[in-house]
Ligand SMILES: Cc1cc2nc3c(=O)[nH]c(=O)nc-3n(C[C@H](O)[C@H](O)[C@H](O)COP(=O)(O)OP(=O)(O)OC[C@H]3O[C@@H](n4cnc5c(N)ncnc54)[C@H](O)[C@@H]3O)c2cc1C
């Protein structure tokens, strides 16, 4: 059975490898791959820090589930696959007095209490008053509170190349192509794939048939230094955020900025100086120029999807596209509790939008595609038309979106991919029966000790209940068993 993934960032690759796991022959259609990512300023993944530090709040159960599965998977890969570019690193989060009193930054507010993930990461430890004083004496900076933990540190370019290689080794095919419209995925591939995953990140703003105007670029500027003396991760949450991320090869990413709605990809020298000063304040090794060498500057655009609701502001879109899909099982059978369709619609002024271009308005939306398809000869009509059938799948076409991961794409990547498979297997189970793997979607998460996917499917459980079911004992064995099934 064939499947197509549009996009070759961390989300597209993770979804593609999951599909392969279940016997699908996968083609990735993409403008850019990890091999030429450095030439594409709008490809985000290779510009990331990147590490696991969940931003999910206590009530964002879906994000927690995505992050928790991903944490287990990434930590397991660090052990099982020494060449994959992931290492297990000690991290420290420091909270400044002035910030905790005045900042509106969500991360700081959340840190007033223990983060939800304090029970899933190994060696989580809240600093005592004595430790805070000792640190202040050593660094000259007083923090109100701090905690340490162990987490997964990802050398982003290296990990992406590893994923890419794994995908090709599994028989995957990559076709370099910039799509103007999502329907090209089933009109240009032969045989036409019954499953299409849209993992175009920021591209989902302009991609015809999707045009998600909740998408915004959140600019992040970084410095890359060689500083082998730095072994631990240091974070000072706030606005702008400060982070020091050692990648395991002597290089360290220093950040950063989080400039909402800013799509500029050029590097700003004064911002770089400010980042270095903030990082040196937190990590004294950086106060001595003899201890490091600047080897590069980076700017990346986080693919943020911003909608204000009662349970947060940023919402990934990981759901079935009901309009473009054809011949699925009943919608009630789908675990779509977190469908963004229940969220308020956007009134974005696209003309002023940082991702706007004249291009996107030339393509039809699902609702208008039927009437405008004459101007776009390759266009396949939306699911309301019976003429959507294709050669391999006369009755089924399943389109699933997986984009809008903001600053969290790595730390939620495997959870996203598992959820995509869950949606696929629930809505089109017959596609899985045709593959060589009889049990379609349970393998990765069934052994999770927390039952997070059950929480996802039930959705109604309160945070307190979820916490009560969480097992504090994270064993190396559970990580390994999850990672070995990716
Ligand atoms: C400075 C910085 C630091 C970060 N730190 C972290 C961190 O510590 N931890 C973390 O988890 N995350 C971090 N992130 C966020 C993370 O990088 C993103 O969430 C993630 O990379 C998004 O991946 P993606 O696959 O959705 O998008 P992308 O990597 O942008 O991939 C999108 C793909 O779609 C393709 N595409 C787009 N449009 C089309 C089209 N029309 N036709 C064909 N192909 C198309 C592109 O070529 C690309 O291959 C950071 C980001 C930045 C910028």
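Since every read-out is calculated from the coordinates, none of them should be taken as a lab result. Source: prediction; values computed, not measured. All Cβ positions, even for glycine, are placed from backbone atoms using ideal geometry, and neighbour counts span all protein chains on display.
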If packing is taken as the average number of other Cβ atoms within 10 Å across a peptide's residues, how do 412-420, 400-408 rank, most packed first? 412-420, 400-408
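Given a Förster radius of 22 Å and the C-beta distance between residue 266 and residue 35 as r, what FRET efficiency does 1/(1 + (r/R0)^6) yield to the nearest 0.05? Write down the numbers at each step before the final one.
On the way: r = 23 Å, r/R0 = 1.07.
With R0 = 22 Å, the Cβ-Cβ based efficiency is 0.40.
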Between residue 114 and residue 249, what FRET efficiency follows from the Cβ-Cβ distance if R0 is 35 Å, with the result rounded to 0.05? 0.60
In nm, to one decimal, how far is the modelled label at residue 168 from the one at residue 273, with both set 7 Å along Cα→Cβ? 4.3 nm
Using a basic spin-label model with each label point 7 Å from the Cα along Cα→Cβ, how many nm lie between residue 123 and residue 83? 2.7 nm
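Sort 39, 132 by Cβ crowding within 10 Å, fewest neighbours at the top.
Ascending Cβ contact count within 10 Å gives the list 39, 132.
May I ask you to derive the FRET efficiency for residue 136 and residue 232 from their Cβ-Cβ distance with R0 = 25 Å, giving the value to the nearest 0.05?
0.90
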Using alpha-carbon positions, what is the distance between the centroids of region 37-72 and region 178-244, in Å? 10 Å
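Ranked highest first by average number of other Cβ atoms within 10 Å, how do 81-93, 4-16 line up?
So the peptides 81-93, 4-16, ranked by packing, come out 4-16, 81-93.
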Square roots of five times the C-alpha gyration tensor eigenvalues of region 1-155, ordered largest first and given in whole Å, equal 36, 17, 16
